[in-house]
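Student: Following this message is one structure expressed as structure tokens.
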Amino acid sequence: MALVALAERLGCPVWQEPFGGQAGFPQDHPRFAGHLPARRARLREVLAPYDLVLVVGAGAFRQYPYDPGPLVEPGTRVAVATQDPAEAHRSPVDLAVLGEPAAICAALAAAVDARPAPDEPARVRPAAPAPPGPGEPMFAGHVLAALAERLPHDAILLEETPSSRPELHARIPATEPIGFISAMGMLGFALPAAIGVRMASQDRPVLTVVGDGSSLYQITALWSAVAYEVGVLFVVLVNGGYAIMDRLAERNGSDGPWPQLDTIDIGAMARAQGCESIRVSEHADLLERLDTLLPALADRATPLLLEVMVAPDATFDP
């Protein structure tokens, strides 16, 4: 991979764009630094130590929601290499190079002087959270940490859980081609997309992690998974609300616009379409289920919805 060769020659950190639909760099590589934040103030802080930022094959920089102010500090210059003329035109950069990104990276790797890489990796993944004690709630972080420890290396994970996405990125690296797929902002994407991906990649395990709010946009996709015998594991994180919309409303000084979803039985909606559903509310039960399900996921011929009851994360700040 030309981008890997360039990063290794320069010994520089590599960040993934905010809201990337796929991983653009192997996230278990020692030069992978993490995902850029989606708010301008945080983005400026992360990029402030660098005098030059090269954006490869992506926009510079997609943000959500809008914040005032520049994208980078005055001392940071930005260049973009893209094959999309419209992206080159609209990117607020000092230099835009139009061409095939891999070819541009290969040429740069051959032209620049090699620099030693730091001894320490660019990023250290967080330790798994302590298991919840008796009577304590289970959070999305517990679920994602358990998945990270057990996912097959060649698994394809599709994501549509906006309030848990930063934690998912922090814990579960995308290491194989098409190992991670998302479409931030396209509501209802993950459930039907996972079915199509599994039908096209029958030799790889496929699962999707979605929030309960997101799952409702295309819950009828489960019927197709049953009808066509598609062996996808649908992991639905049920916190009884629509956290991303509530947090955005609170940032603007108003109450959350959405009623609570705690009266909706997603497992029953799955079973009504013929899809097997299991509800998990205890951490020990979650681990036991994943230990059974994940090793055999590539061989599944029928869908399964795993409804995991989690508490809302009050620390989430979009």
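Student: Given points 7 Å out from each Cα along the Cα-Cβ axis, report the Y66 to L287 separation in nanometres with one decimal.
Tutor: Label at Y66, label at L287, 4.8 nm between them.
Student: On a full-extension model of 0.36 nm per residue, what is the gain between Q83 and A106, subtracting their alpha-carbon distance, rounded to one decimal in nm? Mind showing how you got there, number by number?
Tutor: On the way: separation 23, 0.36 × 23 = 8.28 nm, distance 1.48 nm.
The Q83-A106 span can extend by a further 6.8 nm.
Student: For the stretch 15-31, in order, what is each residue's ³J(HN,Hα) by Karplus, 6.51 cos²θ - 1.76 cosθ + 1.60 with θ = phi - 60°, in whole Hz (x at glycine and Pro)?
Tutor: Coupling constants for the stretch 15-31: 9, 8, 4, x, 6, x, x, 9, 7, x, 7, x, 7, 9, 6, x, 8 Hz.
Student: At a threshold of 8 angstrom on Cα-Cα distance, excluding pairs fewer than six apart, so keeping six or more, what relative contact order does the stretch 68-133 reach in percent? Don't jump to the answer; show the numbers that get you there.
Tutor: Values: 41 pairs, mean separation 14.8, N = 66.
That works out to 22 percent.
Student: Can you give the relative contact order of the stretch 107-183 as a percent, counting alpha carbon pairs under 8 Å and 6+ residues apart?
Tutor: Details: 50 pairs, mean separation 22.9, N = 77.
The normalised contact order for the stretch 107-183 reaches 30 percent.
Student: How high is the relative contact order of the stretch 21-140, in percent, counting Cα pairs under 8 Å that sit 6 or more residues apart? Please report the intermediate quantities before stating the final value.
Tutor: Values: 136 pairs, mean separation 28.0, N = 120.
Computed value for the stretch 21-140: 23 percent relative contact order.
Student: For V80, list long-range residues whose amide hydrogen, built 1.01 Å from N in the peptide plane, is under 5 Å from its own amide hydrogen.
Tutor: V55, L95, A96, V97
Student: For A48 and E229, what is the calculated FRET efficiency with R₀ set at 45 Å and r taken between the beta-carbons, to the nearest 0.05?
Tutor: Details: r = 52 Å, r/R0 = 1.16.
The pair A48/E229 has a calculated efficiency of 0.30.
Student: Once the whole set of protein chains is in place, how much accessible area is left on M199, using a 1.4 Å probe, in Å² to the nearest 10?
Tutor: Accessible area, nearest 10 Å²: 90 Å².
Student: Give the shape of the stretch 1-58 as rounded, prolate or oblate, defined through the alpha-carbon gyration tensor: a ≥ b ≥ c are the square roots of its eigenvalues, a/c under 1.5 means rounded, and otherwise the shape is prolate if a/b is larger than b/c and oblate if not. It would help to have the intermediate numbers written out before the result.
Tutor: On the way: a/c = 1.93, a/b = 1.32, b/c = 1.47.
Oblate shape, in that a/c is at least 1.5 and b/c is the bigger or equal ratio.
Student: Further question on the same structure: Can you pull the three principal axis extents for the Cα set of the stretch 201-254, in Å, largest first?
Tutor: Rounded to whole Å, the extents work out to 48, 21, 16 Å.
Student: Something else about it: Share of antiparallel DSSP beta bridges in the chain, in percent to the nearest 5?
Tutor: Values: 1 of 37 bridges.
DSSP beta bridges in the chain are roughly 5 percent antiparallel.
Student: A further question on this structure: Quote the FRET efficiency, to the nearest 0.05, computed for E276 versus E149 with a Förster distance R0 of 41 Å and r equal to the Cβ-Cβ distance.
Tutor: 0.95
Student: Here's a follow-up. Just to confirm, what accessible area per residue do you get for the chain at 1.4 Å probe, in whole Å²?
Tutor: Per-residue value: 49 Å².
Student: In nm, to one decimal, how far is the D28 label point from the A5 one, both placed 7 Å along Cα→Cβ?
Tutor: 2.3
Student: Quick check on the stretch 23-122: of the DSSP beta bridges with both residues there, what percent are antiparallel, nearest 5%?
Tutor: Values: 0 of 9 bridges.
Close to 0 percent.
Student: Apply the Kirkwood formula to the chain: the hydrodynamic radius equals the inverse of the mean of 1/r over all pairs of different alpha-carbon atoms; give it in Å with one decimal. Before the final figure, lay out the partial values.
Tutor: Details: mean 1/r = 0.0476 Å⁻¹.
Value: 21.0 Å, from the Cα pair sum.
Student: Can you give me the % of accessible surface on the chain that is carbon or sulfur? Probe 1.4 Å, all protein chains present, nothing else counted. Walk me through the intermediate numbers first.
Tutor: On the way: 8620 of 15470 Å².
So the carbon and sulfur contribution to the accessible surface is 56 percent.
Student: How far apart, in nanometres, would the label points at T263 and D299 be if each is projected 7 angstrom from Cα along the Cα-to-Cβ direction?
Tutor: 4.4
Student: Something else: Would you kindly calculate the mean projected area, averaged across all directions, of the convex hull enclosing the Cα atoms of the stretch 61-193, in square nanometres?
Tutor: Details: hull surface 51.9 nm².
Value for the stretch 61-193: 13.0 nm².
Student: Enumerate the calculated ³J(HN,Hα) couplings along the stretch 156-171 in order (Karplus 6.51 cos²θ - 1.76 cosθ + 1.60, θ = phi - 60°), each rounded to whole Hz, writing x wherever the residue is Gly or Pro.
Tutor: 10, 10, 9, 10, 8, 9, x, 6, 10, 4, x, 5, 4, 4, 5, 10
Student: Now a separate question. Can you classify the stretch 1-136 as rounded, prolate or oblate using the Cα gyration tensor, where a ≥ b ≥ c are the square roots of its eigenvalues, rounded means a/c under 1.5, and otherwise it's prolate if a/b beats b/c and oblate if not? It would help to have the intermediate numbers written out before the result.
Tutor: On the way: a/c = 1.88, a/b = 1.31, b/c = 1.43.
Note, shape of the stretch 1-136 comes out oblate.
Student: Something else about it: Pull out a ≥ b ≥ c, the square roots of the eigenvalues of the alpha-carbon gyration tensor of the stretch 116-242, then state rounded if a/c is under 1.5, prolate if not and a/b is larger than b/c, and oblate in the remaining case. Before the final figure, lay out each step's value.
Tutor: Working: a/c = 1.91, a/b = 1.27, b/c = 1.50.
It is oblate, given that a/c is not under 1.5 and a/b is not larger than b/c.
Student: Determine the order of H29, H89 by accessible area, beginning with the largest, at a probe radius of 1.4 Å. Each step should come with its number before you reach the end.
Tutor: Values: H29 30, H89 160 Å².
Sorted by accessible area, descending: H89, H29.
Student: May I pose another question? Quick one: net charge of F189's neighbours, Cβ under 10 Å, K/R +1, D/E -1?
Tutor: Surrounding charge for F189 is -2.
Student: Right, next: Does anyone have the angle between helix 140-150 and the longest principal axis of the chain? Alpha-carbon axes, 0 to 90°, nearest 10?
Tutor: Tilt of helix 140-150: around 80 degrees.
The values are calculated or read from the model by the stated rules, or taken from the named source; none is laboratory data. Everything numeric in this text was worked out from a predicted model, so none of it was measured. Note that each Cβ is placed from the backbone with ideal geometry, even for glycine, and that neighbours are counted across all protein chains shown. Remember, those area values only see protein heavy atoms, side chains included, never the ligands or the DNA or RNA. Shrake-Rupley method; radii C 1.70, N 1.55, O 1.52, S 1.80 Å.
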